[in-house]
1. Select, from Gln590, Gln581, Gln629, the only residue that is more than 16 Å from the ligand (Cβ to nearest atom), assigned by TED's automatic domain parsing to the domain that holds Gly485, touching a residue at least 12 places away in the same chain (Cβ under 8 Å) and part of a helix (DSSP H, G or I).
2. So Ile427 passes all but one of these: (1) in the same structural domain as Pro481 (by TED's automatic domain parsing); (2) part of a loop (DSSP other than H, G, I, E, B); (3) more than 15 Å from the ligand (Cβ to nearest atom). Which condition number does it fail?
3. In segment 337-357, which residues are in a loop (DSSP other than H, G, I, E, B), over 19 Å from Ala468 (Cβ atoms) and free of Cβ contacts under 8 Å to residues at least 40 places away in the same chain?
4. Let me spell it out: the conditions are (1) modelled with pLDDT under 95; (2) within 30 Å of Lys237 (Cα to Cα); (3) touching a strand residue (DSSP E or B) at 6+ places or on another chain (Cβ under 6 Å), and Ala296 meets all of them except one. Which number is the exception?
5. Could we say that Leu657 is in contact with a His (Cβ under 7 Å, 6 or more places away or on another chain) and either within 10 Å of Val610 (Cβ to Cβ) or assigned to a helix (DSSP H, G or I) (or both) here?
6. Could you name every one of the strands (runs of 3 or more DSSP E) located completely within segment 680-724 that has at least 2 residues being in contact with a helix residue (DSSP H, G or I) (Cβ under 9 Å, 6 or more places away or on another chain), at positive phi and surrounded by 14 or more Cβ atoms within 10 Å (Cβ to Cβ)?
7. Just need a number here: residues in segment 515-535 that are out of contact with any helix residue (DSSP H, G or I) (no Cβ under 6 Å at 6 or more places or on another chain) and of a type outside the set (Val, Ile, Thr).
8. Of all the strands (runs of 3 or more DSSP E) wholly in segment 145-264, which have at least 1 residues that are hydrophobic (A, V, I, L, M, F, W, C) and within 30 Å of Gly485 (Cβ to Cβ)?
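The values are calculated or read from the model by the stated rules, or taken from the named source; none is laboratory data. Note that the coordinates shown come from a computational prediction; the quantities given were computed from them, not determined experimentally. With ideal geometry, Cβ positions are generated from the backbone for all residues, glycine too; neighbour counts draw on all protein chains shown.
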Amino acid sequence: MKKLFLFFITVLFSFNFLSAQSEQTIQLKDGWKFKVGDNLDYAKPGFDDSQWKGIQVDKIWEQQGYDPLDGYAWFRIKIFIPSSLKNNSFLKDSLKIFLGKINNFDQSFINGNIFGINGKNASANTVIDTSFLNAPTILWDYNRRYTLSVDDPRILWDKENVIAVRVFDQGGQGGIYTGNAAISMVHISEYLTLDYGQVPFLFKNKTASKSFTIKNTSDQLTINGKFIIKAENKLNKKIIYEKAEELHLKPLSTRNFSFSLTNQDQSSYVNYIFEFAHNKEQVTFKEETPYILTPAPFQKAKINGAKVYGQRPNKPFLFTIAATGSRPMTFDAVGLPSGLSIDKKTGIIIGSVSTKGEFKVTLVAKNKFGTAKRELKIFIGDQISLTPPMGWNSWNVWGLTVDQEKVLASAKVYKEKGLMNHGWTYINIDDGWEIVGNSPDPKRDANGNILCNSKFPNMKALGDSIHALGLKFGIYSSPGPLTCGGYTASYQHELLDAKSFALWGIDYLKYDWCSYDKIAKDTSRVERIKPYTVMQDALKKIDRDIVYSLCQYGMSNVWEWGGSVGGNLWRTTGDINDTWQSLSEIGFSQIENAKYAKPGNWNDPDMLVVGWVGWGPSLHPTKLTPDEQYTHISLWSLLSAPLLIGCDLTRLDDFTLNLLTNDEVLALDQDPLGKQATPKIKKDNIQVWVKDLSDGNKAVGIFNLGSESQKYSLIFSDIGIKTNAKIRDLWRQNDLGSFKEKFEIVVPSHGVVLIKIF
Ligand code: GLA
């Protein structure tokens, strides 16, 4: 598994009830033996594995002395399976062999007979071939849960059984690694699925409601019990909702449930509890509810987005006025430098300017409720990307399954859902548009020009459609021969590729290190800088401004030199995924690089993981809780980080839209001073990050990294403020009043209070 694919995927959409603890479980944690290589005899129960080494199944094999190791290896374990296991179980129909996650592919055998392939049960007569290798890479994150009927002759009751697992690792990390392998009987709760996690809450004012379904997936069993929905206030734990109902779920039947919670101005904990009739055993699932803080935009016209904009002389100019308010709306821009003109219907400003200089332009947006004016400073000079790019990128949602339709659909949502009225501008294709490196098809034409795969039949036309909407168009490549996903990349064709990009109307290039590892002579800074200067030179030779995004995960402190190779932004870490661990480790470690962020040069802690994500064909709602998502957007804005939405925009729910359209929060990110916040206080689990703003005030994020909500008193002198501060709550967009020496609040666990101090 490529390190670069370390994203997080949930393949299961329904939230299956966990096995209850009360029934017997045979742990398969210890006792495994391991052999590198491949031989089908290893599956045979009589095979002599006495010379094999022991191995743990709670960590990848690279961490156990096998680094590097890609390709085949076998795991074997001998285990006694007593018939008491089934006799003592409430359900006596199936045995479950759970192996946890396997990186990447597996064929699993019991007593010489295959029983599972890549997470799917296999019948004893399945042909053993290598087709199991033609499977999606994302299987590395998929639990292997196999079941066998109790009367299946492959199981030897009251005897020793040999389980053998043939593992194939595609690259990078490998092995059985989650450490929760076990044998047990299938528990009744495993026949229940609850899809609440896939169904977003709908909001009306502060009432959040949802409807979801419980399904009995067994075709034989009736499930009897009581279903309870119980919600409590996240901060004070008071019960705010409780409802119980008797359930008799016939085989394969479903039941719908709905409930509403009023006054949701913070998260509540909702417990979904199923109590089984036969033994009163309870299984519980929890979720935290979303809550909407961003006020709906006024009907009156209001101008949002960047206040400064840079372009080089004689390069195509495109800037669209971002304005909320009811439509129809007309636009104007007074004082435009010569060479630029505005389309008054759309607010799109185009042209090109030949003279260097600073131009103060008054943007105007007008509707029947009023007229808004705001100054935009246009700098025609050497620097572009004067504020961090705001856009959408295909990777965190579609991975390598991106196609032209998905890209266009995102661009359309920008307009339909009004995202562009808040400054969202770029529509970026990540990896997966090129021809696959190992395909027999030509990768380039006779002149060496890079070819697109069939999912992108006409890149120029796609660019034109995106530009026609007033949006900008981004693309992805790598300095090595192949991209991270194994597609054709720019090595030794840099200028030709830059020219193709210009021809297609590309405005943004993400340039991802990956296979350049094989070209670089060593790991020195010089070698790491080299390929980025090659593309820099190529980009200088074309007649377009292209925002240059370096992606090399922070190697050799890229923030110290990224600007010198023309980088407008540079990734500072490995890939993000939609877990609190990933988000908090990345977000709260952006400290050392802070002083290198400035207009034109940004630290990039990777893209956003809110909304429906998935890195491939199957998507899931982000695993971050609502408070974690508020933390995500608040922290990234304080950090002046590039904001690249990584979700399915056609599936935006009310809550996610609220996260992405708060103009006062986005204004922190787009602040013209371009100063990155730094932590001023770290105490217990509280971190206070402070950002200096161009208007002389400060934005302050008070984050709670702990698992309990916490009272906190911000003492102004601790963050360099003398006394008497006026405070505004940025998410709620309301003034909280004046405070003398301190400001007292409760910060939800993993959440934030984001304020501006005047
Ligand atoms: C790397 C990058 C990701 C994405 C993929 C594409 O992992 O860090 O952001 O671009 O490559 O293959």
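1. Gln629
2. Answer for Ile427: the failing condition is (2).
3. Correct list: Ser338, Gly339.
4. Going through the list (1) modelled with pLDDT under 95; (2) within 30 Å of Lys237 (Cα to Cα); (3) touching a strand residue (DSSP E or B) at 6+ places or on another chain (Cβ under 6 Å), Ala296 breaks only (3).
5. no
6. Where strands (runs of 3 or more DSSP E) fall fully within segment 680-724, none carries at least 2 residues being in contact with a helix residue (DSSP H, G or I) (Cβ under 9 Å, 6 or more places away or on another chain), at positive phi and surrounded by 14 or more Cβ atoms within 10 Å (Cβ to Cβ).
7. Total meeting the criteria: 9.
8. Of the strands (runs of 3 or more DSSP E) lying wholly inside segment 145-264, those with at least 1 residues that are hydrophobic (A, V, I, L, M, F, W, C) and within 30 Å of Gly485 (Cβ to Cβ) span 159-169.
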